[in-house]
Each structure stands twice: as structure tokens, then as C-alpha cells.
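Okay, structure first, notes after.
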Amino acid sequence: MKIREILSAVLIGFCALSFSGCGNEEEIQKLIDSGIKQHSAGSEVEAINSFNAAIKLDPENAVAWANVGNVYNALGNYDKAIDALNKSVELNSQNAFAWVCLGSSYNSKDNFDKAIECFNRAIKIGDLSNSERSSALAGLGVAYANKDDLARGLEYLNQATELDPRNEYAWENIEIVKKNLEKAESN
């Protein structure tokens, strides 16, 4: 009789832990979704707070780390962005979004070799959408162009627009690279 009571108590405890974990996962997802909406609405401080709350509940959540890094990137706080994004890719090396954001941070800090490395890591991930692959290619193109490899940069930027014709970042940079190529050819 005692063994049954012990087993029952253990099972009840296990079930309670399982359900509390599920609630925690739901809460984390709500916080991440809220942070994404807040960031889209331009409420970066609120977005950071939401992502940090998710991280507090689950410090191993690569998605929350990637998103808080993305917001820091948008705010121009590239050191904090790089720290958060490195944590994200450490937790999940297959997170293409985190690699693209990390590459963007390195591009912004003029560390083009690191940016190229990150964008290439993102591109090697097999399950990218055309939009994600286009973003990685555009970032790669900008990094090469900034390293004065204008032709290679233009090649990647053109590939980006072929995959996603709505990629404004790629189109804007194509124009810049073309002008720089014309200047280089005229000299």
C-alpha cells in the first residue's frame, strides 16, 4: 500500500511539473509574439522588455535571444546585439534569422569578414525561405562591396533581388554599388 501511495505522489508531481512546463512554454511564446509585435510597431523598449522576460523564464531560448538581438541591432546598439545573437547561435546554430542579424551587426561595425562568415552560415542552412535567403545574400553583397570587391557584391545583391524582388535593401545597395563601380571604371 505504501508503494502505491509513493508512486501516485511521484506521478502527480511529474504531471504537475509537465503541465507547469507547458504553461511556461505558452507564456514564453506569448512574450516572444508580443515582443515581435511591439518591435514591428516601433516600441523597441517594450519589445526588449518582452524578450528579456521570455529569456528570464527560459535562458536557453534561442528565439528570444535572436529577437532581442535584432531589436538592439535596429537601435544601433551593435555590441549588445552581437552578444545576444552570439548567445542565440550558440544555443541553436541552425537559426538562420540569428545568423543574418549577426551578420548585419558585424556589417554595421565594419567587421566585414565576420559579416561574410555569418551570412554564409545563414545561407548554408537548408530550410530558408526565399525572403530569408535574399536577406542573407543582400547582406553578403553589402559586406563584399564594403571590402571593395564591388563586382562580387553586386553579384550577391542581384541574386538577392532575383529571390525576392521586394527586397528594398538589396535594390538600394545595387544602385550604390553600381555608382561606385562606374566611379572606379572612370578612374
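The values are calculated or read from the model by the stated rules, or taken from the named source; none is laboratory data. The structure presented is a predicted model; accordingly, all values stated were derived computationally and were not measured. No Cβ is skipped: glycine too gets one built from the backbone with ideal geometry, and neighbour counts run over all protein chains shown. With ligands, DNA and RNA removed, areas are computed over all heavy atoms of the protein, side chains included. Shrake-Rupley method; radii C 1.70, N 1.55, O 1.52, S 1.80 Å.
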Filter the stretch 59-73 down to the residues that are out of contact with any His (no Cβ under 6 Å at 6 or more places or on another chain) and either at pLDDT below 95 or buried (at least 16 other Cβ atoms within 10 Å of the Cβ) (or both) and list them by number.
Asn61, Ala62, Val63, Ala64, Trp65, Ala66, Asn67, Val68, Gly69, Asn70, Tyr72, Asn73
Flagged in the stretch 87-98 as part of a helix (DSSP H, G or I) and either open to solvent by 60 Å² or more (accessible area, probe 1.4 Å) or of a type in the set (A, V, I, L, M, F, W, C) (or both), in numbering order, are Val89, Glu90, Leu91, Ala96, Phe97, Ala98
Residue ID - least open to solvent (accessible area, probe 1.4 Å), chosen from residues in the stretch 113-158 that are closer than 19 Å to Ser93 by Cβ and outside any helix (DSSP H, G or I):
Ile125
Being in a helix (DSSP H, G or I), open to solvent by 70 Å² or more (accessible area, probe 1.4 Å) and modelled with pLDDT under 90 is the requirement here; does Glu5 meet it?
yes
Output the number of residues of the stretch 119-165 satisfying the condition of being without any contact (Cβ under 8 Å) to a residue 12 or more places away in the chain and within 20 Å of Ser105 (Cα to Cα).
3
Give the residue that is modelled with the lowest pLDDT, with candidates limited to residues of the stretch 8-55 that are in a helix (DSSP H, G or I), closer than 14 Å to Ala74 by Cβ and among the polar types (S, T, N, Q).
Ser40
Among (1) touching a residue at least 24 places away in the same chain (Cβ under 8 Å); (2) farther than 27 Å from Glu60 by Cβ; (3) outside any loop (DSSP other than H, G, I, E, B), Asp110 falls short only on (3)
With the requirement that a residue be surrounded by 15 or more Cβ atoms within 10 Å (Cβ to Cβ), among the polar types (S, T, N, Q) and assigned to a helix (DSSP H, G or I), what does the stretch 159-187 give you?
Gln159, Thr161, Asn173, Asn180
